[in-house]
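What follows is calculated from the coordinates using simple rules that are stated; it is not laboratory data. Here the structure is a predicted model, which is why all the values come from computation and not from measurement. Counting neighbours? That spans all protein chains shown, and the Cβs are built from the backbone with ideal geometry, glycine included.
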Amino acid sequence: MKRSLIAMILVGGKGSRLNEITKDTAKPAVSFGAKYRLIDFTLSNLTHSNIEIVGLITQYEPYELMNYIGNGGSWDLDTIDGGISFLTPYAKSGNVQWQKGTAHAVYQYFNFVKQYEAEHVLILAGDHIYKMDYQKMFEHHLEHDADLTIASVDVDLAEAKRFGMIEYDQTTKIIGFEEKPKNPKTLHASMGIYLFKTGVLEKLLNGIDQEESVDFGKDIIPKAFHENYQLYSYPFTGYWRDVGTIDSLYQANMDMLDDRHFLSLNESKGIQIYSKSMNLPPHVVLEDGIIKKSIIADGSIIDGTIIHSSVGYQTVVMKNSHIEDSVLLPQVFISENVRLKNVIVNKGVIIPENYYLIAKKVVVIDNSNLMEVGAIDE
Amino acid sequence: MNNLFMVVDATIKGSFNKLTRHRMPGAMPFGAKYRLIDFTLSNCKNSGIRNVAIFPYGNYRSLSDHIGSGDRWDLSRRKDGIFILQPKNLNLKSEDSISFQRMYEHIEYFIRSAQDYVIVSPANIVWNIDYNDVLVSHLNREADITEVLSFEGQRLKTFLISKTLLLNYIKNYDDLQYRNLTEVYDYSPSIHKNAYVFESACFLIDSPYELFKANMSLLSMDTRHQLFNPQHPIFSKETMSSPSRYGEEAFVKNSIIASGAVIEGAIFNSIIGRKAIVKKGATVKNSIIMNQCVIEEGAFIEHAILDKETKVMSNAKVMGSPDDLFISEKKQIVVGDEELKILQIAVECEPFVKTGGLADVVGALAQNYSKLGVQSSVMMPLYPRIKAKYQILLEMRSEAIVLYGDIKYKATLYSYLNQNTNYYFIESYDFFDRDEIYGYYDDGDRFAFFSKACLGFIDIFDELPNVIHIHDWHTGLLPLLIKKDEKAKHIKTLMTIHNIDYQGVHPTAILSKVGLNDIVHYHQTINFMELGLNNASTISTVSQTYHDELRYEYYSKNLVEIINRRDRDFYGILNGLSDEIDPLTDLSIKVTYGPKNVFTMKPQNKKFLQQTMNLSVGDEFFMMGMVTRIVEQKGFDILIPALEEFMSQPNVQFVLLGTGEEHYISALRKIEARYPNRMKLNIGYDATNPFYIYAGADAFLMPSRFEPCGTSQMISLKYGTIPIVRQTGGLNDTIEQFDSVSKKGNGFKFYNYDSRDLIFQLQNALNLFMNGDQTVKHQLIRNAMASNFSLEVSAKSYVELYKTMIGSSNR
């Protein structure tokens, strides 16, 4: 069935900068905000933008992510003539095609695009926290008859070095592009959201099979810019975070704690962020529980003190434990008399009695490094 | 594949009152994020049951919205799945449990189901059970029917039976003496019964108190573990809400908080639903706060069930007690403890003037309101007979010129304060200086003028009333007049229908006479009641069953559409009886008596009645009585054929007091002539003392075609005289069918408006009285006398309704 616009989500990246947290899971499956996974945001945006054909390009530890997404029903993406397709690496003539960079992944699955005769292809990342109506970007794209539209958002100067930076004129036409510049000329960062005319994308990808590694940010965008395609920017103004690092993941969690109306997650109008239901009972606060300035997900049992922290689902915090400025990912067990500050506790970690870790800089506690980063108070 | 299929009994209505106005019990929120039916459906999924039928009654929109395709419970299947089998006959009354008749409506479902055994279980039960364990017990014991009991021995209305046997009952439901599986289990002698005791936590929830108890027990870890077993999770509809958020001043102890809740206040021992907001300085104790409630700053809530989206305003106090929970209605706004000021406007009121039950109700409510701390006033016309009797007590308050049509009329306002209730009387030479209350050619003008004059005197109140409560059609123009009145337009209006057959149809010219010139009206006449129902903020009637019946054209006739349109604002509140009516203090009867000496004293009254009526004297006669208007409504079309047959039995007597339509009277006279020693008609209201009949008869007949509320049955209950009634209106709400096995119930009732059904119940009563076990009969009489329908209870219900109205955004 012919579509004017389809989406492809790149979830292949290992997220090596998130080390322990992505040890066993793809980055988009990482938990955020007590009950969400990073991929929830992109999938929910797609649903609310009425884009029903979604290809998910996965490579690294795809099982948990695939299991989580299932048929996409939780995001209403299980329609009869649409839905989510998992595009995993496959063997071609006995030769395993491990993806070599983000653009290569799309190249390998270009048949998916062709199958729907889509005129435009939206390329998304699966690990950003934001709410965005892609239809508005699409309108912008059509309005300017762009060959390629790149969503951009203004960032702080300090952050600018992490991103591809875009210069654009009053009509939003792109007049300059730099990937991770040392001395940024603008504060408009590329959000890694690209909307291509299918023909243009096909031309740009042509022949990249021979290359060692091809990325959109590093290779394709500069190439398009230099080959004089019509590139436009779609300036986005809402909250947006690429949580590619421990610090940014921690900070985004703290943003959610500090802003009562963070992304309007609790409102039933506009884009709503769907998440797969875990069928958990509501959380319980026992006699000794004290919770302030925090968010708590379902299935948790709290008998300790939680200050300014995010507590994932099915987490237990026992008596006389004190958690402050921390992120407990789901299914953590905190025994009695534990003191934690400034930490991220990885999913499923059991923190033993009398453990303490008052960190100055954010530390990830995992089963593997538990006794290295903290200690038992005798 | 599993060899079980499931019938979810959602026909049970329970007595949830407000909480089931917009939903059925199965859809009741529970445990902060669930609905009751989630437990039964999750048990099906966890037991591997894939074929489920839900039999709902009435309004199941909320239930079917919740269930959706059933995919949450793996019940969205190609083969089997979930079926909501709606009632085909909307007139079937809700019963204690699903009847074979109800199943027969969908017998195809049972025939088509491929599984050999069926579980029948209610939608309103909270537990975590594996139905296969019940099946194993059933098979091991080679039982025909297995009933599931709680570990405390409570019956859970849950049965396992083979499809073949169940189909047998369903097919033959019309010939069976058992209506449902409970009766089969209790009475069928020929089948092999088995009881399966469920050892874990379970709650059959059919009242707000059960709901409260079950919710509170979730606060015990033990119960939580039994209900929320990770191996058998409870599934619920997927909803979106962010995790719960706690503010800086949050203080929560021993509570369950659902996702999306925002907690900034203090919470103790409570269940907080999804997206509920508890603001700073607010306190919630021992309460159930359902989804999306908002508790504003400084509010205090204890022992309450707040239905979805209730808003409690700043500093409001809501205090129930364990025995008297505060229950809000969905979307109610609970205001602070501001004083209620209620003005009733009616054309008759006890003790001043009375033609019928309306006056009793208005008068008794007014007095009870004062006792409940409500500022209570009544406004009514000043009839000469009132003036004659109360002249020295009346205080002249104000005079006004009321423009009605083109003519200026003088009206005078008098007041009389009695036991904290203010009675206001409007005197008008032109309209009210007459001997009778009703029955004049210009009744429409008279009561339209009265309505206008009432509004003209509204200034007499230092503070305007919160609610003006009007009764029946006479004051039907008032809601519209109030809406159009600059001063009064914020006052809420409640209109109570006492009998929808009297609507007040009068010339359209009245509209312009009262100054409503801008109303477009196409008909020659206006209907006072219709105008009232259209414009009152809220409407009510005098019993829950009459409320339900009015949805059907059979009862509400030309007004059926408007009744259904206003369904959301329509309430049923049962009238009660004045406490003064009591055989213990009734000096007009032969001998006074109470529950203690009824069995020795009542026969003396019976003997006296027989003597007074010139009937054969003796306790071997079964004495039936009636005090009634002799009109079609009261059931004479079925009574007369029934009497013709039933009176032929030699030990039956019948006494009637009343007046009415001649053709009924002459038909009755013919029967009377046939049995002069056993039947006596007293035609005319004063023909005899009605209490001779209430005190002397064994049974009291009310085969009414419809009966909005009725008081005679309440009087006869108090006098230990057993009512035999048709199951309609207030009769249905006050009379519970007597069951000689459980010895529960206070009378006899039948549903179909049919002589045969009346005779059947007459025969039932006769058998019990003449041939039955004396202890059983005595228990029935005790039950009857213990029934308590007091106007005090009605007054409390109305006060709650007024509060709901004040808190609602309706106009």
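Quick one: of A:K293/B:K285; B:K634/B:K718; A:K197/A:K276, which pairs are farther than 24 Å apart, Cα to Cα?
Cα-Cα > 24 Å for A:K197/A:K276; rest within.
Ranked from highest to lowest mean number of other Cβ atoms within 10 Å per residue, what is the order of the peptides B:418-430, B:245-257, A:277-289?
B:245-257, A:277-289, B:418-430
Let a ≥ b ≥ c be the square roots of the eigenvalues of the Cα gyration tensor of the stretch B:594-723; is it rounded (a/c under 1.5), or, if not, prolate (a/b larger than b/c) or oblate?
oblate
Within 10 Å, count the other beta carbons around each residue, average over each peptide in A:31-42, B:217-228, and list them highest first. Present the calculation step by step, with values, prior to reporting the outcome.
Details: A:31-42: 26.2, B:217-228: 16.2.
With the highest mean Cβ count within 10 Å placed first, the list reads A:31-42, B:217-228.
Take B:E580 and B:Q154, extend 7 Å from each Cα along the Cα→Cβ direction, and tell me the distance between the two endpoints in nm.
The two pseudo-label positions are separated by 4.3 nm.
By per-residue mean of other Cβ atoms within 10 Å, what is the highest-first order of A:120-130, A:243-253, B:713-723, B:508-518?
B:713-723, A:120-130, A:243-253, B:508-518
Assign unit charges at the C-beta atoms only (+1 for Lys and Arg, -1 for Asp and Glu), then state the dipole size of the stretch A:5-264 relative to its Cα centre in Debye, rounded to the nearest 20.
Roughly 500 debye for the stretch A:5-264.
Could you compute the net charge surrounding B:I759? Neighbours are other residues with a C-beta less than 12 Å from the C-beta of B:I759; K and R count +1, D and E count -1.
In short, -3.
Order by neighbour count: B:V520, B:V120, B:V8, fewest other Cβ atoms within 10 Å first, most last. If you can, show how the numbers build up before the last one.
Details: B:V520 5, B:V120 23, B:V8 29.
Ranked by crowding around the Cβ, least crowded first: B:V520, B:V120, B:V8.
Quick one: Cα centre-to-centre distance for the stretch B:623-690 and the stretch B:394-412, in angstrom?
48
Of the candidates A:T47, A:T171, A:T315, which one comes out as most mobile in a Gaussian network treatment of chain A with C-alpha springs shorter than 10 Å?
Evaluated over chain A, the most mobile residue of the options is A:T171.
How high is the FRET efficiency from B:L165 to B:D130, r the C-beta distance, R0 22 Å, rounded to 0.05?
Here the calculated transfer efficiency is 0.45.
Return the subset of B:K213/B:K803; A:K361/B:K275; B:K331/B:K744 for which the Cα-Cα distance in this structure is over 31 Å, preserving the input order.
A:K361/B:K275; B:K331/B:K744
GNM on chain A, C-alpha springs below 10 Å: top fluctuator among A:A158, A:A359, A:A146?
A:A158
Can you work out the FRET efficiency for the pair B:Y187 and B:Y685, with r the C-beta to C-beta distance and R0 = 45 Å, to the nearest 0.05?
Efficiency at R0 = 45 Å is approximately 0.50.
What does the average come to when, for each residue of peptide A:271-281, you count the partner chain Cβ atoms lying within 10 Å of its Cβ?
Mean partner shielding for this stretch: 5.
Stretch A:D255-A:S277 to full length: gain in nm at 0.36 nm per residue minus the Cα-Cα span?
Value of the extension gain: 5.6 nm.
With each pseudo-label sitting 7 Å past Cα toward Cβ, what's the B:H225-B:N418 distance in nm, one decimal?
6.5
For a Förster distance of 60 Å, can you work out the FRET efficiency between the beta-carbons of A:E143 and B:R61, rounded to the nearest 0.05?
Once rounded, the FRET efficiency stands at 0.90.
For the residues B:T545, A:T88, what sequence is obtained by ranking on other C-beta atoms within 10 Å, fewest first?
Neighbour counts put them in this order, fewest first: A:T88, B:T545.
Which of the three applies to chain B, rounded, prolate or oblate, going by the alpha-carbon gyration tensor with a ≥ b ≥ c and a/c under 1.5 meaning rounded?
oblate
Which one of B:H471, B:V312, B:G48 has its Cα pushed farthest toward the positive end of the charge dipole of chain B, where Lys and Arg give +1 and Asp and Glu give -1 at the Cβ?
Farthest towards the positive end: B:G48.
How shielded is B:259-266 by partner chains, expressed as the average number of their Cβ atoms within 10 Å of its Cβ atoms?
4
Helix A:38-48 against the longest principal axis of chain A: what's the angle in degrees, Cα atoms only, rounded to the nearest 10?
The answer is roughly 50 degrees.
Calculate the length of the line joining the C-alpha centroid of the stretch A:99-119 to that of the stretch A:202-251, in whole Å.
Here the answer is 15 Å between Cα centres.
Which one, A:E353, A:E143, A:E52, has the greatest fluctuation when you compute a Gaussian network model over chain A with C-alpha springs under 10 angstrom?
Comparing A:E353, A:E143, A:E52 in a Gaussian network model of chain A, the most mobile one is A:E143.
Hey, got the dipole for the protein assembly as shown? About the Cα centre, +1 on K and R Cβ, -1 on D and E Cβ, debye to the nearest 20?
It comes to approximately 820 debye.
Between B:N677 and B:Q177, what length in nm is gained on full extension when 0.36 nm per residue of separation is reduced by their alpha carbon distance?
The B:N677-B:Q177 span can extend by a further 176.3 nm.
Pull out a ≥ b ≥ c, the square roots of the eigenvalues of the alpha-carbon gyration tensor of the stretch B:245-334, then state rounded if a/c is under 1.5, prolate if not and a/b is larger than b/c, and oblate in the remaining case.
Rounded is the answer for the stretch B:245-334, as its axis ratio a/c remains below 1.5.
Determine the calculated [θ] at 222 nm for the protein assembly as shown from helices alone, applying -39500 (n - 2.57) to every DSSP H run no shorter than 4 residues and normalising by the residue count; nearest 500 deg cm²/dmol.
-7500 deg cm²/dmol
Put one equal scatterer on each alpha carbon of chain A, apply the Debye formula with no solvent term, and list log10 I(q)/I(0) at q = 0.14 1/Å to two decimals.
-1.19
Based on the alpha carbons, how large is the Rg to Rh ratio for the stretch B:51-123 when Rh follows Kirkwood? Mind dumping the intermediate values first?
Numbers: Rg = 12.6 Å, Rh = 13.3 Å.
The Rg/Rh ratio comes out at 0.94.
So for the pair B:E736, B:E561, with labels modelled 7 Å out along Cα→Cβ, what separation do we get in nm?
4.1
For B:Y104 and B:V335, calculate 0.36 nm times their separation in residues minus their Cα-Cα distance, and state this gained length in nm to one decimal.
My answer for the length gained is 78.3 nm.
Report, in whole Å, the centroid distance computed from the Cα atoms of the stretch B:37-53 and the stretch B:353-379.
Rounded to whole Å, the Cα centres lie 52 Å apart.
Mind checking the angle between helix A:134-143 and chain A's longest principal axis? C-alpha axes, 0 to 90 degrees, to the nearest 10.
20
For Cα pairs less than 8 Å apart in space and 6+ apart in sequence, what is the mean separation divided by the residue count of chain B, i.e. the relative contact order in percent? Walk me through the numbers on the way to the answer.
Details: 1737 pairs, mean separation 59.2, N = 811.
It comes to 7 percent, rounded to a whole number.
Take every Cα pair under 8 Å in chain A that's 6+ residues apart, average their separations, divide by the length, and report that relative contact order as a whole percent.
It comes to 15 percent, rounded to a whole number.
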